[in-house]
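The values are calculated or read from the model by the stated rules, or taken from the named source; none is laboratory data. Computed from a prediction, not measured in an experiment: that's the story for all the values here. All Cβ positions, glycine included, derive from the backbone under ideal geometry; neighbour counts span all protein chains shown. Areas reflect the complete protein model, heavy atoms only, side chains present, ligands, DNA and RNA absent. Shrake-Rupley method; radii C 1.70, N 1.55, O 1.52, S 1.80 Å.
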Amino acid sequence: MKNLPMYLIVLVAGVATMIPRFIPFYLSFLNKFPPFVKRCMSFLPVTAIGALIFPYTILDFLPVWYAGLLGVIAAFLVSLFKQSMLLSIIVSVIVTYIALLV
Amino acid sequence: MKKNEGNFSYGEGFQDGIPIFLGYFSTAIAFGLICRNVGIPFIETCLYSITSFAGAGQFLAVNLFASGALLFEYFIGINLINLRYLFMGVALRTHLAPDVKGLKKMIVAFGVTDEIFTVATMKNNDCLSFNYMAGLISSSYLGWNLGTAVGFMMGMILPKALQMAVGVTLYAMFSSLLSVEFKNKGPGVLLLAGFSAAINSFLILVLSFPSGWSFVISMVSTAVIGALLIKEEK
């Protein structure tokens, strides 16, 4: 993929993003999927999040393996008690920064 | 009866989008930084945000690009992670005014993101005007694209440790979304996310799978297992 022009790679991502966005506005087959498939699909956001966080939140910050992990835990806790994504992101960056410096 | 042109003005939409603006701005900074670190030029970095306008999808795209995935893996991976937009679109459509058609409908479809969907549907109105949606999308889109450009440029001045720390933004965003899901739906959420995380880590660290396939396998297999094991929640 790296031998392709960069703008093309960017546009492929755009197309891949727009397909799931546009389909429900133009087709209504989604209501006809079997319930089991719908249930599987309803779990995808959560299962995606797990795989998105691990293992890269560890690998990205090596050799300080716990720096990202602490940041992720901090973000989780802040959101749990105060529903503000912005605040949890800020706290998370600060925690990770401190872990990297120490 | 639904009014043809729907409720709420552009200004109200724009205002409702300001919290999203702030959240996107800070997350997009991380995106800009990462693109620069991976060696993507400034214009293409901005083009990513302009054409995709998708948080997790863009991070995954850059991740797959940097890890040397095949174009096919890249395309499928991005599609899968954005699959949730399908369901959001289905639900959002029922909240729109009848005159949202043609170009207006295309603009609304383009603007479907997790946060825009959440704010729009929580408005608890089944007749949102195109102007309202356009306002909501405008402020969010602005935040995402400005943040991307600012992040790329910050890469030139920020000290290395702080740059690295800003990289946690993405994971913090996911973690915070997970936290909200956990609060709404209970511990099953953590179990599913944890299981998928474990499979993904095993595939990448132990079996050295390419990250694109590993991601797809983990998320799909865990979703199927979840559907088999967890009974109806509603």
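Quick notes on this one:
- Accessible surface, per residue, of chain A when the full set of protein chains is kept, probe 1.4 Å, Å²: 49
- Solvent-accessible area buried by B and A, counting both chains, probe 1.4 angstrom, square angstrom: 7100
- Of the DSSP H helices in chain B, those whose Cα atoms cover at least 18 Å axially and whose Kyte score averages 0.5 or more: B:18-38, B:130-154, B:188-201, B:211-229
- Inter-label distance, residue A:83 to residue A:65: 3.6 nm, where each label sits 7 Å from its Cα along the C-beta direction.
- Globularity index of segment B:1-150, i.e. its alpha-carbon radius of gyration over 2.2 N^0.38 Å: 1.10
- Rh by Kirkwood over Cα pairs, then Stokes-Einstein D for the protein assembly as shown at 0.890 mPa s and 25 °C, µm²/s: 122
- Summed over the residues of chain B and divided among them, the accessible surface reaches 42 Å² per residue at a probe radius of 1.4 Å.
- Accessible surface for residue A:40 stands near 20 Å², nearest 10, in the context of the full protein assembly shown (1.4 Å probe).
- Computed in the context of the full set of protein chains, the accessible area of the protein assembly as shown at 1.4 Å probe radius has 73% of its extent on carbon or sulfur.
- Shown is the FRET efficiency for residue B:185 and residue B:37, computed with R0 = 51 Å from the Cβ-Cβ distance and rounded to the nearest 0.05: 0.90.
- Each pair of Cα atoms in segment B:110-234 enters the Kirkwood radius, and Stokes-Einstein at 4 °C and 1.567 mPa s then converts it into a translational diffusion coefficient of 72 µm²/s.
- For residue B:70 and residue B:94, the difference between the fully extended length at 0.36 nm per residue and the C-alpha to C-alpha distance is 4.9 nm.
- Sorted from longest to shortest, the spans of the Cα atoms of chain A along the three principal axes equal 54, 43, 23 Å.
- Here the label points at residue B:221 and residue B:206, each 7 Å from Cα along the C-beta direction, are separated by 1.0 nm in the simple model.
- FRET efficiency, residue B:198 to residue B:101 (Cβ-Cβ, R0 41 Å, nearest 0.05): 0.35
- Legend: residues A:65, B:213, sorted from most to least accessible area (1.4 Å probe; ligands, DNA and RNA excluded), read A:65, B:213.
- Measuring nothing but how far apart in sequence close Cα pairs (under 8 Å, 6+ apart) lie, relative to its length, segment B:140-234 scores a relative contact order of 18 percent.
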